[in-house]
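Nothing in this text is a laboratory measurement; each read-out follows from the coordinates by a stated rule. Computed from a prediction, not measured in an experiment: that's the story for all the values here. All Cβ positions, glycine included, derive from the backbone under ideal geometry; neighbour counts span all protein chains shown.
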Amino acid sequence: MASFRMFLAYLLITGTAEAYAADQPVRSSRLMDDLKSCRGIGDAAQRLACYDSAAAKLEEATAKRDVIIVDREDVRKTKRSLFGLDLPNFSLFGGKADEDKERISQIDAVAKSVREGQYGVWRITLDDGATWETNQPAVRTPRPGSKIRIKAGALSSYLLSIDGAPSVKAHRIN
């Protein structure tokens, strides 16, 4: 959940939540604009001074956590941690061209804890902290250490398999 909180903090801090909600292009931050503007300065000494100033401001904002910089691996980890949650469709983690190639359609994990509920359904907490619940009795009884595979199904549904057994429908709790 820390990744999700960071994601929300990023949207609030950078002021891009409204742009995403309105499906408008997102403007770059003022700090990045300042850094980019240094390229157009002809005099080398002035350009270097501009870069030094802009880099210092960006470093300070990063230290205060006003700006969070993420790389592709951070994005992949965040996408995986959010798999199965019903969230608005933000394009923060890739535009339409990137959607299909980097879309997560399945995760493999290990059951950390299991609890049987009413009517034979199971609540399974995975090693990454996510909790899933089957919508129907599972074909195989899960145990801590069981290998869990969850695939995205049709119409926002999910299919959960325990130790390679046939899948049953499931939904994410947290």
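Some values worked out for this structure:
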{"item": "Rough spin-label spacing in nm, given labels placed 7 Å along Cα→Cβ, for GLU59 and ASP86", "result": "4.7"}
{"item": "Net +/- balance of residues flanking ALA111 in space, Cβ distance below 14 Å, scoring K and R +1, D and E -1", "result": "+1"}
{"item": "Net length gained if the chain between ILE69 and ASP34 were fully extended (0.36 nm per residue, minus Cα distance)", "result": "11.0 nm"}
{"item": "Percent of Cα-Cα distances greater than 18 Å, calculated over segment 105-172", "result": "22"}
{"item": "Extension gain (nm, one decimal) between GLN118 and GLN136, 0.36 nm per residue minus Cα-Cα", "result": "5.5 nm"}
{"item": "Karplus 3J(HN,Hα) series, Hz, for segment 144-151 with 6.51 cos²θ - 1.76 cosθ + 1.60 (x for Gly, Pro)", "result": "x, x, 5, 7, 10, 10, 10, 10"}
